[in-house]
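Student: Supplied in structure tokens, the structure appears directly below.
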């Protein structure tokens, strides 16, 4: 683990622990995601955007994302 950066933090019990720092490589994507080109017409674009809105802003959740109590 010597090749990764570590930070020293204080744990909840007061002891000092080493925590793994950032492990990602900085950079830019190779090519941009062109989601508009993948959709054929205006109706498909609107359906795509509405699905995204429902996922983030609705009370309808499916599968493992469903919570018993709201956050």
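Student: In this structure, does residue 54 turn out to be at pLDDT below 80, surrounded by 10 or more Cβ atoms within 10 Å (Cβ to Cβ) and outside any loop (DSSP other than H, G, I, E, B)? I'd like the intermediate steps shown before the answer.
Tutor: Working: at pLDDT below 80: yes; surrounded by 10 or more Cβ atoms within 10 Å (Cβ to Cβ): yes; outside any loop (DSSP other than H, G, I, E, B): yes.
So residue 54 fits the description; yes.
Student: Out of everything in region 13-39 that is part of a loop (DSSP other than H, G, I, E, B) and over 27 Å from the mean Cα position of the chain (by Cα), what residue ends up being nearest to residue 3 (Cα to Cα)?
Tutor: The qualifying residue nearest to residue 3 (Cα to Cα) is 15.
The values are calculated or read from the model by the stated rules, or taken from the named source; none is laboratory data. Because the structure is predicted, anything quoted here is derived from the model rather than measured. So basically every Cβ, Gly included, is an ideal-geometry build from the backbone, and we count neighbours across all protein chains shown.
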